[in-house]
1. From the list GLU22, GLU63, which one is without any contact (Cβ under 8 Å) to a residue 24 or more places away in the chain and closer than 29 Å to GLU170 by Cα?
2. For the structure I just gave you, tell me whether LYS195 is at pLDDT 95 or above, part of a helix (DSSP H, G or I) and either of a type in the set (D, E, K, R) or surrounded by 14 or more Cβ atoms within 10 Å (Cβ to Cβ) (or both).
3. Considering only helices (runs of 4 or more DSSP H) fully contained in the range 106-191, which possess at least 1 residues that are surrounded by 12 or more Cβ atoms within 10 Å (Cβ to Cβ) and among the hydroxyl-bearing types (Ser, Thr, Tyr)?
4. Hey, can you tell me all the residues within the range 29-77 that are within 22 Å of GLN152 (Cα to Cα) and among the polar types (S, T, N, Q)?
5. For the range 128-160, enumerate the residues that are within 22 Å of ALA38 (Cα to Cα), touching a helix residue (DSSP H, G or I) at 6+ places or on another chain (Cβ under 9 Å) and not β-branched (Val, Ile, Thr).
6. Scan the range 55-105 residue by residue and report those that are acidic (Asp, Glu) and touching a strand residue (DSSP E or B) at 6+ places or on another chain (Cβ under 6 Å).
7. What tally of residues in the range 11-41 results from selecting those that are open to solvent by less than 60 Å² (accessible area, probe 1.4 Å) and either at pLDDT 80 or above or charged (D, E, K, R) (or both)?
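The values are calculated or read from the model by the stated rules, or taken from the named source; none is laboratory data. Just so it is clear, the structure is predicted and the values come from calculations on it, not from any experiment. We place every Cβ from the backbone using ideal geometry, glycine too, and count neighbours over all the protein chains shown. For accessibility, only protein heavy atoms count, side chains too; no ligands or nucleic acids. Shrake-Rupley method; radii C 1.70, N 1.55, O 1.52, S 1.80 Å.
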Amino acid sequence: MDYDLFINLFKYKATEDNNPLENYLTELFVYFFKILIAQKNKKLLELFNIPFCENDLEKISIETQREYWIEEKERYARPDIQITIGNNVYFIEAKVDSELNQYGDIDQIQLYELIKLPSPQKNKGVRTLTKYEINTKSIIFDSENHKVFWRQIYKLIKECEFNTDKILKENFLRFLEENNMNKKERLDIPENGLKNFYALYDFLYENLLNFAVKNSYTRNAIVFEGNKDYFGFN
């Protein structure tokens with residue numbers, strides 16, 4: 001049996017001017033999230049480092065695209081996913097190929113951190129669900145524990161039992177595969193390619209250094225950073 005249902009359905013939603021992959025995928029993901037919660041499966045909550053008690057599993061609320069007015073920034077915030085457990089509210093921003101939106105001096109994560117909820121609810125921060133590494137200017141965001149990648153979702157969903165939803169599960173996995181979100185992409189770099197990388201590194205560093213000096217920064221202002229998911233200059 002071919003598991004291309006979600007792939008074929010998505011073709012009808014995409015146009016030349018609009019490719020709503022992120023919203024479409026978010027809704028699919030939340031559907032499976034709700035199934036796991038109904039089955040009292042805690043793995044997704046644990047993956048996103050969302051604290052909970054066993055009794056919480058019966059009263060978790062999961063919503064998408066809920067809108068909030070941020071008075072101090074005079075704009076709306078619309079987190080992709082909102083998870084409410086008792087009085088604690090957690091937001092998840094889902095990305096595929098796009099970067100975080102920027103709003104003047106703050107980014108999308110910082111905007112969501114400004115959401116004020118009616119008492120006694122509390123904004124407990126933001127998690128991200130992305131295909132690639134993304135970075136925020138937030139000093140509150142826990143970059144070690146609150147970042148999740150779609151490839152992790154693929155692995156978790158594949159390992160879980162979905163009883164009567166087995167066919168939908170296979171379609172979802174196939175959709176993630178079709179969009180290259182089932183595993184981390186690997187690069188096969190030949191010797192000449194590696195030399196080109198070092199040449200690019202030197203070129204970027206030299207130009208950024210010149211920019212820093214011209215703008216009265218010290219040479220130490222340009223820092224090369226990286227981990228298992230990304231590398232670049234700050």
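1. GLU63
2. no
3. In the range 106-191, the matching helices (runs of 4 or more DSSP H) lie at 108-113, 150-159.
4. Listed by number, the residues that qualify are GLN39, ASN41, ASN49, THR64.
5. Listed by number, the residues that qualify are LEU129, TRP150, GLN152, TYR154, LEU156, LYS158, GLU159, CYS160.
6. Selection gives ASP56, GLU63, GLU67, ASP80, GLU93.
7. Final tally of qualifying residues: 15.
This table checks each residue for (1) of a type in the set (Gly, Ala, Ser); (2) more than 18 Å from PHE29 (Cα to Cα); (3) touching a Gly at 6+ places or on another chain (Cβ under 9 Å).
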site	(1), (2), (3)
GLU72	no, yes, no
ASP80	no, no, no
ILE83	no, no, no
TYR90	no, no, yes
LEU100	no, yes, no
LEU114	no, yes, no
PRO118	no, yes, no
GLY125	yes, yes, no
